[in-house]
1. For Cα pairs less than 8 Å apart in space and 6+ apart in sequence, what is the mean separation divided by the residue count of the chain, i.e. the relative contact order in percent?
2. Keeping all protein chains in place, calculate the accessible area per residue for the chain (probe 1.4 angstrom), answer in Å².
3. How much of the accessible area of the chain, probe 1.4 Å, is carbon plus sulfur, in whole percent?
4. Could you give the nm distance between label points at ARG180 and ARG212, where each point is 7 Å from its Cα heading toward the beta carbon?
5. Angle between the Cα long axis of helix 135-145 and the longest principal axis of the chain, 0 to 90 degrees, nearest 10?
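The values are calculated or read from the model by the stated rules, or taken from the named source; none is laboratory data. Bear in mind the structure is a predicted one, so any value in this text is a computation, not a measurement. No Cβ is skipped: glycine too gets one built from the backbone with ideal geometry, and neighbour counts run over all protein chains shown. For the accessible areas, the whole protein counts, side chains as well, though only heavy atoms, and no ligand, DNA or RNA atoms are used. Shrake-Rupley method; radii C 1.70, N 1.55, O 1.52, S 1.80 Å.
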Amino acid sequence: MTRPPTAAQRRVVDAADPVTGRLRGTRAQLTALVERGLAFRHPRPPHDHFLTPAGHRIREAEEEVEAVSEAPAAGDASSGGGVFSARVGGEEEAYDGAGRVREVHSAWQGLLELRRMTNPDGATDRPCGWERANLVRAAALALEAAGHPPAGPDADGYRVRATPQPEAVAVYGPDGTALRACAATLERAGWQTGEYTEPRTRARYLLASPRRV
């Protein structure tokens, strides 16, 4: 199995020429990418280095997921002009239809590929570093990709919100059945969940964290 690149090596991959895949970096970085099967050294002078198909897949997967990182913060209804946004729930505008289903599916597949390429053991059943850095967006994508309806202007559904706790998000649902269904989905996606009650409002919610092992 190809070893995942380090953060520094991923930056070199990200900076590759978008058309030719030509790489620029230190000799050590380029050599390491060759050893990982992500680059090759051209046999003719000046012996430049270029991305292999595997290297292109890493960059494409990261670009796919980077679009998800443009999702609005909790409570922000803006979707950004034409940029895919994972729905965290509470947006004032609905984004439904077959086109939306395809976008969500594509983003989720890109995230699975990013897991495969960046988790040390290549696991796709466990969240990766990008998800830990973008908890609300990652949890929302997992829920929307599984078909759960987000809260919107004309319908109730899930709402994913940040919490003061490290590596944890709160997920709210319209009722206990929906909340348990969200918990099952997140657990299948590699998250740990627990159900709690807010002391002041008595509202039930999930506390979800990315699983490490």
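1. Result for the chain is 15 percent.
2. Value for the chain: 52 Å² per residue.
3. Within the chain, the accessible surface is 51 percent carbon and sulfur.
4. Result: 3.1 nm between the two label points.
5. Value to nearest ten degrees: 80.
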